[in-house]
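Participant: Before I ask anything, let me first share the structure, which is written out below as structure tokens.
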Amino acid sequence: MERYIVFDVETPNSANERMSAIGITLVDGREISGGFYSLVDPEQRFDRFNVALTGITPEAVRGQPAFPQLWERIGPLMGSGLLVAHNAPFDMSVLAKCLRGYGIRWRERVDYICTCRLSRRVLPSLPNHRLDTLSGYLGLELEHHRAMSDSRACAEILLHCLRAGAEPVDFVRGYDMLGM
């Protein structure tokens, strides 16, 4: 049985090197089996644009765990299956920058699947493969730029593609977590 760790991060500013929220949806085999959500104190400034986009304010993250404390909880979860995200290079880069920025050693290279790439193969006739477009096409509920909602929609897109016959192994890529 394959386990997928479908995740989405929100960021506080245009540097995209810290997260202000993370949503994780677990997929075991061909079913959603659980989830996790947390606000994250990025210990950085917030840009007005990001606050307007995500609804996450400096006040909202006050008292929330910073990434190192959160990683103690989610690190084992993130390592328990194949990572999946929509426009995955973005989410993978934020994760890698958080780990490097706090001096946390995890893995040098991590395999992942991008559901944007995957959906292009399975649903080639759509005008684009943005998360909101795919969610609308598949009839999924989506509160866009809300980490838990985005990760859940991404998990549903993954499941749709798998049911349509996509072979996950054909879409696995590696991400250099050390940024070398």
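The values are calculated or read from the model by the stated rules, or taken from the named source; none is laboratory data. Everything quoted here is computed from the prediction, not taken from an experiment. In this analysis, Cβ positions are derived from the backbone assuming ideal geometry, glycine residues included, and neighbour counts consider all displayed protein chains. The area values use the complete protein model at the heavy-atom level, side chains included, leaving out ligands, DNA and RNA. Shrake-Rupley method; radii C 1.70, N 1.55, O 1.52, S 1.80 Å.
Participant: Gap in Å between the Cα centre of segment 149-180 and the Cα centre of segment 1-61?
Facilitator: Spelled out, the Cα-based centre of one part sits 17 Å from the other.
Participant: Using the beta-carbon distance between Arg107 and Glu2 and R0 = 22 Å, what value does 1/(1 + (r/R0)^6) give for FRET efficiency, to the nearest 0.05?
Facilitator: Numbers: r = 18 Å, r/R0 = 0.84.
The value I calculate is 0.75.
Participant: If you don't mind, another one. Would you work out if segment 59-180 is rounded, prolate or oblate? Take a ≥ b ≥ c from the square roots of the eigenvalues of the alpha-carbon gyration tensor; rounded if a/c is under 1.5, else prolate when a/b is larger than b/c, oblate otherwise. It would help to have the intermediate numbers written out before the result.
Facilitator: Values: a/c = 2.32, a/b = 1.48, b/c = 1.58.
Here segment 59-180 falls in the oblate category.
Participant: Determine, from the Cβ-Cβ distance of Leu53 and Arg117 and an R0 of 25 Å, the FRET efficiency 1/(1 + (r/R0)^6), rounded to the nearest 0.05.
Facilitator: On the way: r = 23 Å, r/R0 = 0.93.
It comes out at approximately 0.60.
Participant: Still on this structure, please answer the following. When ligands, DNA and RNA are left out and all protein chains stay put, how many square angstrom of accessible area per residue does the chain have with a 1.4 Å probe? Please report the intermediate quantities before stating the final value.
Facilitator: Details: 8730 Å² over 180 residues.
Computed with neighbouring chains in place, this is 49 Å² per residue.
Participant: Sticking with this one: For Arg45 and Arg73, compute 0.36 nm times the residue count separating them, minus their Cα-Cα distance, and round to one decimal in nm.
Facilitator: My answer for the length gained is 7.7 nm.
Participant: Placing unit charges on C-beta atoms (Lys and Arg positive, Asp and Glu negative, everything else neutral), compute the dipole magnitude of segment 62-180 about its Cα centre in debye, rounded to 20. Walk me through the numbers before you get to the answer.
Facilitator: Working: 15 positive and 12 negative charges, 54 e Å.
Using only the charged Cβ atoms, the result is roughly 260 debye.
Participant: How much mean residue ellipticity at 222 nm does the chain get from its helices, if each DSSP H run of length 4 or more adds -39500 (n - 2.57) and you divide by all residues, to the nearest 500 deg cm²/dmol? Please list the in-between numbers first.
Facilitator: Working: 7 runs with 70 residues, N = 180.
Calculated from helices alone, the mean residue ellipticity at 222 nm is -11500 deg cm²/dmol.
Participant: Whenever you get a sec, compute what percent of the accessible area on segment 2-42 sits on carbon and sulfur atoms (1.4 Å probe). Walk me through the numbers on the way to the answer.
Facilitator: Values: 460 of 1250 Å².
Its accessible area is 37 percent carbon and sulfur atoms.
Participant: Mind ranking 105-118, 152-165, 52-65 by how tightly packed they are, going by the mean number of other C-beta atoms within 10 angstrom, highest first? Working shown, then result.
Facilitator: Details: 105-118: 17.4, 152-165: 20.9, 52-65: 14.2.
Put in order of decreasing packing, that is 152-165, 105-118, 52-65.
Participant: Something else about it: Shape call for segment 1-56 from the C-alpha gyration tensor, a ≥ b ≥ c root eigenvalues: rounded (a/c under 1.5), prolate (a/b greater than b/c) or oblate?
Facilitator: Prolate shape, in that a/c is at least 1.5 and a/b is the bigger ratio.
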